[in-house]
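Engineer: Before anything else, here's the structure in question.
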Amino acid sequence: MGRRGENIRKRADGRWEARIIMKSALEGKSHYKYVYGKSYAEVKEKKVEWLQQKERRTPAFVRLKLSVGDLLEEWLLFVQPQIKESTYSKYVFAVRRHISPVIGKVPLDELDSKTLDWFTKEKLKSGKISGNGGLSPKTVAGLLSVLKLAIDFGRERNYGCPQQLVIHNPRQSLPDIQILSLEEQARLEAHILEELIPFHIGIMLGLYTGLRIGETCALRWEDVHFDTKTLHVQRTIMRIQDTSADKKQRTKIVVDRPKTECSNRRIPMPEFLLNYLKPLRKAPENYVLTGTSTYMEPRRYYRKYKRLMAECGLGNYNYHALRHTFATRCVENGFDIKSLSEILGHADASTTLRRYVHPSMDLKRKQMERLSTISICGQNSGRYMASNH
């Protein structure tokens with residue numbers, strides 16, 4: 001006789017029957033599979049063998065009932081040793097503050113494009129942590145990119161991630177680009193040259209090397225090579241979310257390697273810029289912006305920058321405008337785009353053209369006028385106008 005709870009019994013025809021409970025996720029009702037044998041021992045062995053085979057056939061996500069949130073947390077553990085601390089911090093913030101609170105409880109095998117479209121719409125509408133408004137299309141696209149990385153990780157491990165999942169990124173418009181005019185740039189330079197101090201040197205480096213704000217804050221005098229007339233960009237400073245378990249504050253400052261491998265670069269320095277730097281030179285380990293062994297964090301530097309710009313009547317320009325201005329001036333003066341791309345720290349020239357190079361109308365007009373030197377119409381336009389007067 002079978003034991004209570006085993007679902008094994010002897011039938012009236014003399015055979016033994018084992019009943020295996022099957023679940024239907026769609027209907028929520030129990031269904032059964034039956035196996036048969038000539039004895040209790042035989043039918044029990046068949047039942048155990050069938051269940052073991054089912055266990056081997058069933059993906060891990062079904063056995064463990066993984067949710068989207070479970071997958072994201074496992075992925076974070078996997079990528080943490082492989083990436084920069086600042087990148088990991090961004091991933092953690094995206095997962096725990098934006099993605100998991102909204103769709104983290106969705107069963108992994110039930111995640112579909114419709115759910116992701118709804119997630120995108122919700123984030124665009126009211127996705128800010130403060131609850132006051134939605135996130136930008138660029139930020140939402142970043143969240144979807146994080147989710148895609150985790151899904152690819154799950155697929156590699158046969159966790160049952162949907163194979164035909166389509167992720168629709170929100171349409172992004174080109175951001176407004178700020179570029180100082182030649183007159184505004186001259187006004188700014190005249191102001192900082194009235195009293196050349198370490199803080200002002202940072203502004204000049206932005207205008208004439210295109211350094212990012214974090215790169216400027218991290219620059220030490222050992223990075224300025226007067227003998228080879230080059231500037232070595234090999235670190236950056238940024239404020240990131242603190243993900244440590246014993247954190248006392250929500251954010252912290254880290255000094256890390258630059259944004260990408262291409263951002264670790266050597267920039268040729270113009271002679272005039274080196275002449276301004278020489279009188280301010282300090283010990284190799286000191287920071288250029290402060291002249292001391294203590295750095296100035298980007299947030300404080302940005303506040304000082306905004307006060308300076310307000311003094312010049314240029315208060316509407318953010319710090320990245322210096323980088324945009326540098327790139328645009330280079331193009332206006334005939335820079336080779338590949339060289340400019342490497343100076344800016346981009347992986348390829350198309351990034352430079354797409355993001356940072358925005359020729360002025362005067363430059364565009366000058367380029368168009370060049371057509372007159374190669375066309376019959378252009379070469380004869382003066383003769384044509386004279387004959388009509």
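Engineer: Could you go through the stretch 288-303 and let me know if any residue there is loosely packed, with under 11 Cβ neighbours inside 10 Å, at pLDDT 95 or above, charged (D, E, K, R) and in a helix (DSSP H, G or I).
Structural biologist: Among the residues of the stretch 288-303, at least one is loosely packed, with under 11 Cβ neighbours inside 10 Å, at pLDDT 95 or above, charged (D, E, K, R) and in a helix (DSSP H, G or I), which makes the answer yes.
Engineer: Kindly list, by first and then second residue, each pair from a residue in the stretch 160-177 that is under 22 Å from LYS65 (Cβ atoms) to a residue that is modelled with pLDDT under 80 and surrounded by 10 or more Cβ atoms within 10 Å (Cβ to Cβ), limited to pairs with Cβ atoms under 8 Å and residues at least 6 apart or on different chains.
Structural biologist: GLY160/PRO59; GLY160/ALA60; GLY160/PHE61; GLY160/VAL62; CYS161/PHE61
Engineer: Of everything in the stretch 277-287, what is surrounded by 17 or more Cβ atoms within 10 Å (Cβ to Cβ) and either more than 35 Å from the chain's Cα centre (by Cα) or part of a helix (DSSP H, G or I) (or both)? Give them in sequence order.
Structural biologist: Selection gives LEU277 alone.
Engineer: OK, next. Have a look at LEU135, LEU124, LEU72 and point out the one that is touching a residue at least 40 places away in the same chain (Cβ under 8 Å) and in contact with a Gly (Cβ under 6 Å, 6 or more places away or on another chain).
Structural biologist: Numbers: LEU135 fails: touching a residue at least 40 places away in the same chain (Cβ under 8 Å); LEU72 fails: in contact with a Gly (Cβ under 6 Å, 6 or more places away or on another chain).
Exactly one of LEU135, LEU124, LEU72 is touching a residue at least 40 places away in the same chain (Cβ under 8 Å) and in contact with a Gly (Cβ under 6 Å, 6 or more places away or on another chain), namely LEU124.
Engineer: Also, I was wondering about something else. Would you mind stating whether PRO270 is of a type outside the set (Gly, Ala, Ser), surrounded by 17 or more Cβ atoms within 10 Å (Cβ to Cβ), touching a residue at least 40 places away in the same chain (Cβ under 8 Å) and not assigned by TED's automatic domain parsing to the domain that holds LYS90?
Structural biologist: Values: of a type outside the set (Gly, Ala, Ser): yes; surrounded by 17 or more Cβ atoms within 10 Å (Cβ to Cβ): no; touching a residue at least 40 places away in the same chain (Cβ under 8 Å): yes; not assigned by TED's automatic domain parsing to the domain that holds LYS90: yes.
The answer is no for PRO270.
Engineer: With respect to LYS138, is the statement that it is on the phi < 0 side of the Ramachandran plot and part of a loop (DSSP other than H, G, I, E, B) true?
Structural biologist: Answer is no for this residue.
Engineer: Restricting attention to the stretch 34-47, report how many residues are under 54 Å from the mean Cα position of the chain (by Cα) and more than 11 Å from ASN7 (Cα to Cα).
Structural biologist: Here the count works out to 1.
Engineer: Could I ask something else about it? Looking at the stretch 122-154 only, could you name the residues that are of a type in the set (S, T, N, Q) and within 25 Å of VAL79 (Cα to Cα)? Talk me through it step by step, then tell me what you get.
Structural biologist: Residues of the stretch 122-154 that are of a type in the set (S, T, N, Q), as a first pass: 126, 130, 132, 136, 139, 145.
If the condition is that a residue be of a type in the set (S, T, N, Q) and within 25 Å of VAL79 (Cα to Cα), then THR139, SER145 are the ones that fit.
Engineer: Any residue in the stretch 287-306 that is under 20 Å from GLU183 (Cβ atoms), acidic (Asp, Glu) and out of contact with any His (no Cβ under 7 Å at 6 or more places or on another chain)?
Structural biologist: No: zero hits.
Engineer: Please find, among THR230, THR209, the residue that is in contact with a strand residue (DSSP E or B) (Cβ under 9 Å, 6 or more places away or on another chain), more than 20 Å from ALA321 (Cα to Cα), surrounded by 14 or more Cβ atoms within 10 Å (Cβ to Cβ) and touching a residue at least 12 places away in the same chain (Cβ under 8 Å).
Structural biologist: One residue alone meets the criteria, THR230.
Engineer: Continuing with the same structure: In the stretch 152-162, is there at least one residue being surrounded by 12 or more Cβ atoms within 10 Å (Cβ to Cβ), polar (S, T, N, Q) and either touching a helix residue (DSSP H, G or I) at 6+ places or on another chain (Cβ under 7 Å) or outside the structural domain of PHE335 (by TED's automatic domain parsing) (or both)?
Structural biologist: Checked the stretch 152-162: no residue is surrounded by 12 or more Cβ atoms within 10 Å (Cβ to Cβ), polar (S, T, N, Q) and either touching a helix residue (DSSP H, G or I) at 6+ places or on another chain (Cβ under 7 Å) or outside the structural domain of PHE335 (by TED's automatic domain parsing) (or both).
Engineer: Between a first residue in the stretch 340-356 that is over 15 Å from CYS330 (Cβ atoms) and a second residue that is small (Gly, Ala, Ser) and at pLDDT 80 or above, which pairs have beta carbons less than 8 Å apart while being 6 or more apart in sequence or on different chains?
Structural biologist: Filtered contacts from the stretch 340-356: ASP348/SER341.
Engineer: Considering only residues that are surrounded by 14 or more Cβ atoms within 10 Å (Cβ to Cβ) and of a type outside the set (D, E, K, R), which ones fall in the stretch 109-129?
Structural biologist: Correct list: LEU111, THR115, LEU116, PHE119, THR120, LEU124, GLY127.
Engineer: Those residues that are under 20 Å from GLN241 (Cβ atoms) and touching a Leu at 6+ places or on another chain (Cβ under 6 Å), I need them from the stretch 101-127; list them, please.
Structural biologist: Correct list: LYS123, GLY127.
The values are calculated or read from the model by the stated rules, or taken from the named source; none is laboratory data. All of these numbers come straight from a predicted model, not from anything done at the bench. Every residue, glycine among them, receives a Cβ derived from its backbone with ideal geometry; neighbour counts consider all protein chains shown.
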